[in-house]
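> For reference, the structure I am asking about is given below.
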Amino acid sequence: MSRTADIVNEATRVLFFTGKGGVGKTSLACATALALADRGKRVLLVSTDPASNLDEVLGTHLGSTPTAVGGASGLFALNIDPDEAAQNYRENLVGPFRGVLPEDAIVSMEEQLSGACTVEIAAFDQFTRLLADPAATDGYDHVLFDTAPTGHTLRLLKLPAAWTGFMASSITGTSCLGPLSGLQNQRSLYEASLNALTDPSTTTLILVARPEPSALTEAERTRRELRAMGIARQVLVVNGVFVASTPGDQAATALEARGRQALAAMPEELAALPRIEVPLLAFAPIGVPALRHVFDPSRPAVPAGSALGEQRHGGFGSSLSALVDKIESAGRGVVMTMGKGGVGKTTVAAAIAAELAYRGHRVHLSTTDPAAHLTAALDGEIPSLRVSRIDPIAEVRTYSEEVLAGAGAGLDAQGRALLEEDLRSPCTEEIAVFRAFASTVAEGENGFVVLDTAPTGHTLLLLDAAEAYHREVSRTLGSGPEAVRRLLPRLRDPEFTRVLMVTLPEATAVHEAARLQDDLRRAGIEPFAWVVNQSFSGSRFHDPVLVERGLRELPYLSEVHQQLAQHVALISWKAQVPKGPVRLRELVKHSVELK
């Protein structure tokens with residue numbers, strides 16, 4: 001049996017908030033940090049998410065150094081900026097050689113340090129300093145980390161062990177002359193960070209989930225993997241637990257029942273963890289005043305509900321199938337679902353892939369998300385639909401075998417040993433996954449490929465890698481695999497690649513998708529449409545909490561419709577989980593196109 005936890009009064013010095021995208025990690029991390037500060041503690045809140053929305057939730061503009069949060073004495077926050085960290089990391093390595101080495105040597109060094117691997121290492125380097133260097137957080141009673149969605153976080157938390165193990169097994173300690181060259185002298189810091197993570201008197205892992213099977217499954221996977229690493233002090237926070245208050249509201253009753261069933265069926269070892277259940281709020285906890293209500297059982301008064309009817313989405317036109325019609329008209333190509341974690345990218349990708357397959361097309365549905373749930377969403381086989389996952393372990397093995405068979409064929413024993421050493425570094429995974437992504441996109445030449453992408457930050461790193469590789473290929477006159485050389489042109493071709501921005505009708509999800517859209521446009525990629533998922537708009541809701549949530553969607557629906565998108569589809573919240581071929585087809589058929 002679990003016991004009721006109190007993450008505020010029982011807080012260790014370091015708290016990590018992690019979980020599936022969209023479960024409320026940032027809101028809960030902010031609310032916890034604020035509660036500690038309100039008790040007189042000095043608190044530093046750090047986001048490790050490349051697509052951080054701490055600024056919006058706290059209502060304070062943040063940078064890469066601690067900034068005081070307005071209205072919250074003692075609370076400071078910062079974002080680890082991957083690009084800024086990478087720039088500083090590069091300059092630390094290259095700067096001492098400026099004016100010493102020839103200019104072409106400096107240019108070569110900068111090129112070696114220009115990829116996504118350098119960005120990850122640099123951000124990791126900053127993370128470990130905040131975790132394990134006493135001087136970096138001196139004067140703070142607590143340091144809280146608001147992390148990226150689970151797949152990215154698992155990689156981040158495993159990196160101290162990965163780099164420590166890699167350097168311990170290094171033959172010379174000086175290989176990997178590119179991005180890894182600055183790591184060796186950080187060995188003691190990485191070892192200290194690993195010790196801090198595994199010390200239960202120092203660090204608590206807060207597993208955040210929703211009362212939904214996929215979120216609880218993800219929490220269990222994270223619990224198991226990080227427990228195996230030695231991170232033993234763990235707490236489960238179930239966010240958004242709903243209790244219906246209006247008799248006869250079938251939608252509200254169904255929502256409560258879904259939550260109860262999910263909690264009853266959660267894995268036994270996850271259920272045994274100390275637990276906190278946070279109720280579903282009628283409002284988004286954005287800004288310091290709202291955040292103070294997260295752990296307060298007395299919620300703000302909710303205005304009386306009203307039948308909203310046509311005020312919500314009346315007259316907006318046909319279903320999501322209209323978007324599928326437009327996609328189908330090309331006869332081939334790539335569809336990519338993008339957006340914040342937890343907005344339903346996987347479900348939307350599976351529904352579109354299934355619909356195209358039912359219409360007689362050959363379809364490959366795949367994912368770049370380390371925490372993929374495609375198989376669970378489909379819950380069965382569909383003719384003409386092939387499902388796969390870009391598996392980092394398999395891709396690293398294939399890539400390493402190719403490199404050893406090619407570049408390693410003519411090396412002597414020492415040279416081959418050094419090459420094998422380089423291939424054991426965590427950077428190899430980034431390269432291998434990127435190549436697999438490019439190969440999957442290339443399949444769109446001969447059919448439809450639907451790609452469920454990882455949450456925003458991880459996707460941006462992948463696209464940054466495409467841009468960096470494209471520049472390098474252009475400079476070197478086209479060397480490299482054809483699929484990789486043609487990746488960026490394919491992504492930039494609106495007749496070949498159609499990007500769907502998937503969001504929820506709420507502030508952080510919409511604004512993160514808007515920022516991603518801006519980044520895509522700077523890379524020459526124009527999004528095709530937006531899909532607004534899980535809307536509580538409509539007259540079928542009567543419970544005051546759900547009615548209020550629907551009312552608060554209106555400004556964001558208007559923003560998407562009027563300012564952000566050429567085509568928009570709205571998907572209402574479904575009483576039945578959209579899982580399996582029948583439910584997925586209903587999702588396509590019964591959604592509403594806004595314009």
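The values are calculated or read from the model by the stated rules, or taken from the named source; none is laboratory data. Model, not experiment: these values are computed from the prediction. All Cβ positions, glycine included, derive from the backbone under ideal geometry; neighbour counts span all protein chains shown. To get the accessible areas, we keep the full protein, side chains included, count just its heavy atoms, and leave off ligands, DNA and RNA. Shrake-Rupley method; radii C 1.70, N 1.55, O 1.52, S 1.80 Å.
> Select from the range 478-512 the residues that are part of a loop (DSSP other than H, G, I, E, B) and under 19 Å from residue 349 (Cα atoms) and write down the one among them that is most open to solvent (accessible area, probe 1.4 Å). First the steps, then the outcome.
Taking the range 478-512 as the starting set, the residues that turn out to be part of a loop (DSSP other than H, G, I, E, B) are 478-481, 486, 493-496, 504-506.
Filter again for under 19 Å from residue 349 (Cα atoms), leaving 494-496, 504-505.
Numbers: 494: 78, 495: 126, 496: 8, 504: 23, 505: 11 Å².
Top of the filtered list is 495.
> Among (1) touching a helix residue (DSSP H, G or I) at 6+ places or on another chain (Cβ under 7 Å); (2) at pLDDT 70 or above, where does residue 99 come up short?
The one condition residue 99 does not meet is (1).
> Something else about it: Kindly indicate the residue of the range 529-551 that is β-branched (Val, Ile, Thr) and within 20 Å of residue 564 (Cβ to Cβ) and also surrounded by the fewest Cβ atoms within 10 Å (Cβ to Cβ) among those meeting that condition. Talk me through it step by step, then tell me what you get.
If we filter the range 529-551 for residues that are β-branched (Val, Ile, Thr), which is where we start, we get 531-532, 545, 547.
Filter once more, keeping what is within 20 Å of residue 564 (Cβ to Cβ): 531-532.
On the way: 531: 29, 532: 32.
Step by step, filter the range 529-551, then rank; the result is 531.
> Here's a follow-up. Report, by residue number, each residue of the range 43-61 that is of a type in the set (D, E, K, R) and assigned to a loop (DSSP other than H, G, I, E, B).
The first filter runs over the range 43-61 and keeps only residues of a type in the set (D, E, K, R), leaving 49, 55-56.
Scanning the range 43-61 gives a single hit, 49.
> Which is touching a helix residue (DSSP H, G or I) at 6+ places or on another chain (Cβ under 9 Å) and modelled with pLDDT of 95 or more, of 342, 333?
Values: 342 fails: modelled with pLDDT of 95 or more.
Of 342, 333, the one residue that is touching a helix residue (DSSP H, G or I) at 6+ places or on another chain (Cβ under 9 Å) and modelled with pLDDT of 95 or more is 333.
> Report yes if some residue within the range 457-472 is more than 26 Å from residue 348 (Cβ to Cβ) and either surrounded by fewer than 17 Cβ atoms within 10 Å (Cβ to Cβ) or modelled with pLDDT of 90 or more (or both); otherwise report no.
Looking for residues that are more than 26 Å from residue 348 (Cβ to Cβ) and either surrounded by fewer than 17 Cβ atoms within 10 Å (Cβ to Cβ) or modelled with pLDDT of 90 or more (or both), one finds at least one in the range 457-472, hence yes.
Residue-by-condition table, conditions (1) farther than 23 Å from residue 490 by Cα; (2) in contact with a Ser or Thr (Cβ under 6 Å, 6 or more places away or on another chain); (3) buried (at least 18 other Cβ atoms within 10 Å of the Cβ):
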{"residue": "361", "(1), (2), (3)": "no, no, no"}
{"residue": "375", "(1), (2), (3)": "yes, no, no"}
{"residue": "378", "(1), (2), (3)": "yes, no, yes"}
{"residue": "405", "(1), (2), (3)": "yes, no, no"}
{"residue": "416", "(1), (2), (3)": "yes, no, no"}
{"residue": "435", "(1), (2), (3)": "no, no, yes"}
{"residue": "440", "(1), (2), (3)": "no, yes, yes"}
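> Here are some residues: 583, 515. Which one is open to solvent by 20 Å² or more (accessible area, probe 1.4 Å), in a helix (DSSP H, G or I), free of Cβ contacts under 8 Å to residues at least 12 places away in the same chain and under 18 Å from residue 345 (Cα atoms)?
Working: 515 fails: free of Cβ contacts under 8 Å to residues at least 12 places away in the same chain.
Matching residue, one of 583, 515: 583.
> Determine, yes or no, whether residue 421 is at negative phi, at pLDDT below 85 and open to solvent by less than 10 Å² (accessible area, probe 1.4 Å). Full working, then the answer.
Values: at negative phi: yes; at pLDDT below 85: yes; open to solvent by less than 10 Å² (accessible area, probe 1.4 Å): yes.
For residue 421, the condition - at negative phi, at pLDDT below 85 and open to solvent by less than 10 Å² (accessible area, probe 1.4 Å) - is met.
> I need a count of the residues in the range 552-566 that are surrounded by 17 or more Cβ atoms within 10 Å (Cβ to Cβ) and either within 20 Å of residue 257 (Cβ to Cβ) or of a type outside the set (Gly, Ala, Ser) (or both).
Result for the range 552-566: 6.
> While we're here: Restrict the check to the range 288-300 and report whether at least one residue is within 23 Å of residue 22 (Cβ to Cβ), among the charged types (D, E, K, R), at pLDDT 85 or above and touching a Lys or Arg at 6+ places or on another chain (Cβ under 8 Å).
no
> Related question: Based on this model, can you work out whether residue 73 counts as outside any helix (DSSP H, G or I), within 24 Å of residue 139 (Cα to Cα) and at pLDDT 90 or above? Steps first, answer last, please.
Numbers: outside any helix (DSSP H, G or I): yes; within 24 Å of residue 139 (Cα to Cα): yes; at pLDDT 90 or above: yes.
Yes.
> From the set of residues in the range 190-203 that are out of contact with any Leu (no Cβ under 9 Å at 6 or more places or on another chain) and over 15 Å from residue 235 (Cβ atoms), which is modelled with the highest pLDDT? Working first, answer last.
Within the range 190-203, the first condition is being out of contact with any Leu (no Cβ under 9 Å at 6 or more places or on another chain), and the residues that meet it are 191, 194-195, 198-202.
When the remaining residues are screened for being over 15 Å from residue 235 (Cβ atoms), the result is 191, 194-195, 198-199.
Details: 191: 75, 194: 78, 195: 83, 198: 86, 199: 90.
Result: 199.
> Among (1) buried (at least 24 other Cβ atoms within 10 Å of the Cβ); (2) modelled with pLDDT of 90 or more; (3) under 19 Å from residue 137 (Cβ atoms), there is one condition residue 78 misses while meeting the rest; what is its number?
Status for residue 78: all satisfied but (1).
Yes or no, residue by residue, for (1) among the β-branched types (Val, Ile, Thr); (2) within 21 Å of residue 324 (Cα to Cα); (3) in contact with a Cys (Cβ under 8 Å, 6 or more places away or on another chain):
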| residue | (1), (2), (3) |
| --- | --- |
| 389 | no, no, no |
| 397 | no, no, no |
| 403 | yes, no, no |
| 423 | no, no, no |
| 430 | no, no, yes |
| 438 | no, no, no |
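> Within the range 247-273, track down each residue that is over 18 Å from residue 536 (Cα atoms), open to solvent by less than 30 Å² (accessible area, probe 1.4 Å) and not in a helix (DSSP H, G or I).
Residues satisfying the conditions are 266, 273.
> So, in the range 207-237, exactly how many residues are crowded, with 24+ Cβ neighbours inside 10 Å and of a type in the set (A, V, I, L, M, F, W, C)?
Counting residues in the range 207-237 that are crowded, with 24+ Cβ neighbours inside 10 Å and of a type in the set (A, V, I, L, M, F, W, C) gives 8.
> What residue, of 340, 326, is in a loop (DSSP other than H, G, I, E, B) and open to solvent by 10 Å² or more (accessible area, probe 1.4 Å)?
Numbers: 326 fails: in a loop (DSSP other than H, G, I, E, B).
Exactly one residue qualifies, and that residue is 340.
> Applying the selection to the range 362-385, what residues are in contact (Cβ under 8 Å) with a residue 24 or more places away in the chain and out of contact with any helix residue (DSSP H, G or I) (no Cβ under 7 Å at 6 or more places or on another chain)? Break it down into steps so the answer makes sense when it comes.
First, pick out the residues of the range 362-385 that are in contact (Cβ under 8 Å) with a residue 24 or more places away in the chain: 362-374, 376-380, 382-385.
The answer is 362, 372, 379.
> Testing residue 315 on (1) open to solvent by 40 Å² or more (accessible area, probe 1.4 Å); (2) out of contact with any strand residue (DSSP E or B) (no Cβ under 8 Å at 6 or more places or on another chain); (3) part of a loop (DSSP other than H, G, I, E, B); (4) at pLDDT 85 or above, one condition comes back false. Which one is that?
Here residue 315 meets the rest and fails (4).
> Kindly provide the set of residues from the range 212-246 that are touching an Asp or Glu at 6+ places or on another chain (Cβ under 8 Å), within 21 Å of residue 343 (Cα to Cα) and assigned to a helix (DSSP H, G or I), ordered by number.
220
> Hey, among 383, 392, 370, which residue is open to solvent by 20 Å² or more (accessible area, probe 1.4 Å) and either at pLDDT 90 or above or farther than 30 Å from residue 221 by Cβ (or both)? Even if it seems obvious, please write down each step before you answer.
On the way: 392 fails: either at pLDDT 90 or above or farther than 30 Å from residue 221 by Cβ (or both); 370 fails: either at pLDDT 90 or above or farther than 30 Å from residue 221 by Cβ (or both).
Going through 383, 392, 370 in turn, just one is open to solvent by 20 Å² or more (accessible area, probe 1.4 Å) and either at pLDDT 90 or above or farther than 30 Å from residue 221 by Cβ (or both): 383.
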